[in-house]
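Every number in this text was worked out from the coordinates using simple rules, so none of it is lab data. For clarity, every value in this text was computed on a predicted model and none was experimentally measured. With ideal geometry, Cβ positions are generated from the backbone for all residues, glycine too; neighbour counts draw on all protein chains shown.
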Amino acid sequence: MPNRRTFLKVLVSGFTMTGPDLLTPRFLHAGELPSGAAESTVREALSGKGPLIKRTFRPPNFETPVEVFKDVVTPNRRFFVRWHLANIPRLVAENWRLKVGGDSVAHPFELSLNQLKREFAPVELMAVCQCAGHRRRFSEPHVPGVQWGNGAVGNARWKGVRLKDVLARAGLRPDALEVVFDGADYGAIDRTPDFVKSLPLWKALDENTLIAYQMNGEDLPHWNGFPVRLVVPGWAGTYWTKQLIAIRAMPKPEKGFWMNTAYRIPAGKFPVTDRFLSQKGEADTAITEILVNSLITNIEEGQHCPLGRPVMVKGVAWDGGHGIRSVEVSVDGGKAWQEAKLEPHQGRFSFRAWHYTFTPSRTGKQVLMAKATDGRGSTQPFELIFNPAGYYNNVVQGITVEVA
Ligand SMILES: Nc1nc2c(c(=O)[nH]1)N[C@H]1C(S)=C(S)[C@@H](COP(=O)(O)O)O[C@H]1N2
Ligand SMILES: [Mo]
């Protein structure tokens, strides 16, 4: 059962400067903010982007305000931005090259952007990109890392070519175990490990894994990986390498910091079914698919609802690629649940919009909640599965409205 205290906790106010550009609001629950007040004070635009909530400036980490998710497609200008390294070069499309090689290919080669677009079949699909640390700020106890609220996620229509088609041209050898990806960004100090990620061969060869050059019908924004990024539908954003410049098929596990140390989850604690066996350790393992989650997008904490007047509660739900089976809504803090109406689906990797209409029949505070279930029957928990990096927070959230 939901813990009502979670939603009624007293506001811890104030901002702390934890580094030169690191402005960290110390609110424990976004739901406790007086309608938009404090969040709006940290809204800023990166060049070419619309207003986003700044979490850190260098490297740039900006999240999407929840009301943007009223649209099932997240506009490019409002799509969240997540970078680990401080130096993000401005890439010029004409000069961009993709190196395809590694010890497990027979014929390494290079591609220009025009070749990528002309020589491989185009594919388009809708998919959610979600950072593993989405909602980290609600971890209890508090955990270090970018203090994401509800906006380290977005849904877009991606266009690109299949990674498997590009790998096929290079001639994969039978010993290929992982495919390794490198972007053009680099650390400020030599010691900062380069952002290198890998996928198990089976996921790299999945027909939905794309080398993408378009987002919602336009070039990718600079901050979302122009000119080319990896799109790994169903899996955590960490694998979606931006400014992709090198791909290597390898016969051994990638051992760099971003695979070996970061983005790992305690083994056996989460209901994940996708396996990344070559990255499995004794106690922990590399994060894989996104867990089922949902958001109420059109109601603000503390919103006033007139007695007897119908309220349409709207939201989105998503998961790691099994598709959304159902969304249930509670208007009494989790005691009773009713089925929400699902909007037409846009593919099993996409946000699924839903709505539910209720008519408040008594005055006072009322706690609204949404709980989604994915196609394999996995649902959102009421208690956080704690882990030191604050990943995978898909706990059912509550929004308190005031009926008068
Ligand atoms: N080159 C590069 N690609 C990257 C990252 C990065 O730091 N460098 N961060 C990853 C992480 S952790 C996430 S969550 C997604 C975020 O994608 P977005 O910034 O387009 O929202 O990009 C991924 N791709
Ligand atoms: Mo991430």
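Taking the Cα centre of region 293-403 as the origin, how large is its charge dipole in debye, to the nearest 20, when only Lys and Arg (+1) and Asp and Glu (-1) carry charge on their Cβ atoms? The partial results should precede the final answer.
Values: 11 positive and 10 negative charges, 47 e Å.
So the dipole magnitude of region 293-403 works out to roughly 220 debye.
Can you tell me how region 327-404 classifies by the Cα gyration tensor, rounded, prolate or oblate, using a/c under 1.5 as the rounded cut? Mind dumping the intermediate values first?
On the way: a/c = 2.44, a/b = 1.28, b/c = 1.90.
Since a/c reaches 1.5 but b/c is at least a/b, the shape of region 327-404 is classed as oblate.
Checking the table Lys203/Lys341; Lys335/Lys365; Lys164/Lys252 against a 26 Å threshold on Cα-Cα, which pairs fail? Could the numbers behind the result be given before it?
On the way: Lys203/Lys341 32 Å; Lys335/Lys365 15 Å; Lys164/Lys252 19 Å.
Table pairs above 26 Å Cα-Cα are Lys203/Lys341.
Stretch Leu307-Ala404 to full length: gain in nm at 0.36 nm per residue minus the Cα-Cα span?
On the way: separation 97, 0.36 × 97 = 34.92 nm, distance 0.55 nm.
Separation in residues times 0.36 nm, less the Cα-Cα distance, equals 34.4 nm.
Kindly list the residues of region 168-204 that lie in the label zone of Leu277, defined by a backbone N under 18 Å from the point 7 Å along the Cα-to-C-beta vector.
Taking a point 7 Å out along Cα→Cβ of Leu277, the residues of region 168-204 whose backbone N falls under 18 Å are 174-179, 199-204.
Taking springs between alpha-carbon atoms closer than 10 angstrom, which of Ile189, Ile296, Ile88 fluctuates most in the Gaussian network model of the chain?
Of Ile189, Ile296, Ile88, the most mobile in the Gaussian network model is Ile189.
Can you give the relative contact order of the chain as a percent, counting alpha carbon pairs under 8 Å and 6+ residues apart?
On the way: 994 pairs, mean separation 65.8, N = 404.
Contact order relative to length: 16 percent.
Can you tell me which aspartates and glutamates have their Cα less than 17 Å from the Cα of Lys269? Leave out same-chain residues fewer than eight positions away.
Cross-link targets: Glu140, Glu282, Asp284, Glu289, Glu383.
Roughly how many nanometres apart are two label points built 7 Å out from the Cα toward the Cβ at Asp332 and Lys70?
Each label point lies 7 Å from its Cα, and together they span 3.0 nm.
Ranking request for peptides 237-243, 251-257: highest mean number of other beta-carbon atoms within 10 Å first, then the rest in descending order. Mind showing how you got there, number by number?
Working: 237-243: 23.9, 251-257: 14.9.
Per-residue Cβ counts within 10 Å, averaged per peptide and sorted highest first, yield 237-243, 251-257.
Given springs between every Cα pair under 10 Å in a Gaussian network model of the chain, which of Gly102, Gly321, Gly48 has the largest fluctuation?
Among Gly102, Gly321, Gly48, the largest mean-square fluctuation in the Gaussian network model of the chain belongs to Gly48.
What order, most packed first, do the peptides 147-153, 387-393 have when packing is the mean number of other Cβ atoms within 10 Å of each residue? Walk me through the numbers on the way to the answer.
Details: 147-153: 25.0, 387-393: 21.6.
Highest mean packing first, the order is 147-153, 387-393.
At Ala267 and Arg362, where each label point lies 7 Å from the Cα along Cα→Cβ, what is the point-to-point distance in nanometres?
Taking the two extended label points, one gets 5.0 nm.
For His304, what charge total do you get from the other residues with a beta carbon under 13 Å from its beta carbon, if Lys and Arg give +1 and Asp and Glu give -1? Write down the numbers at each step before the final one.
On the way: positive: Arg309, Lys365; negative: Glu300, Glu301, Glu402.
Residues near His304 contribute -1 overall.
Too long at a 32 Å Cα-Cα cut-off: which of Lys117/Lys371; Lys49/Lys99; Lys280/Lys314; Lys255/Lys371?
Those over the limit are Lys117/Lys371; Lys280/Lys314; Lys255/Lys371.
Just tell me which aspartates and glutamates come within less than 17 Å, Cα to Cα, of Lys159; anything on the same chain fewer than 8 places away is out.
Glu119, Glu124, Asp206, Glu207, Glu218, Asp219
Taking the Cα centre of each part, how many Å lie between region 211-234 and region 116-151?
Using only Cα atoms to place each centre, the spacing works out to 13 Å.
Can you tell me how the chain classifies by the Cα gyration tensor, rounded, prolate or oblate, using a/c under 1.5 as the rounded cut?
On the way: a/c = 1.82, a/b = 1.68, b/c = 1.08.
The shape class here is prolate.
How about region 356-404: which trypsin sites (Lys or Arg not before Pro) there are in a DSSP loop, with at most 11 other Cβ atoms within 10 Å of their Cβ?
Details: sites: Arg362, Lys365, Lys371, Arg376; in loops: Arg362, Arg376.
Of the trypsin sites (Lys or Arg not before Pro), the ones in loops of region 356-404 whose Cβ has at most 11 other Cβ atoms within 10 Å are Arg362.
Counting each DSSP H run of 4 or more residues in the chain as -39500 (n - 2.57), what helix-only mean residue ellipticity at 222 nm follows after dividing by all residues, to the nearest 500 deg cm²/dmol? Numbers along the way, then the final one.
Details: 6 runs with 32 residues, N = 404.
Estimated from H runs of four or more residues: -1500 deg cm²/dmol.
Any chance you could run the full-extension gain for Lys99 through Asn298? It's 0.36 nm times the residue separation minus the Cα-Cα distance, nm to one decimal. Write down the numbers at each step before the final one.
Details: separation 199, 0.36 × 199 = 71.64 nm, distance 4.44 nm.
Gain on extension, Lys99 to Asn298, equals 67.2 nm.
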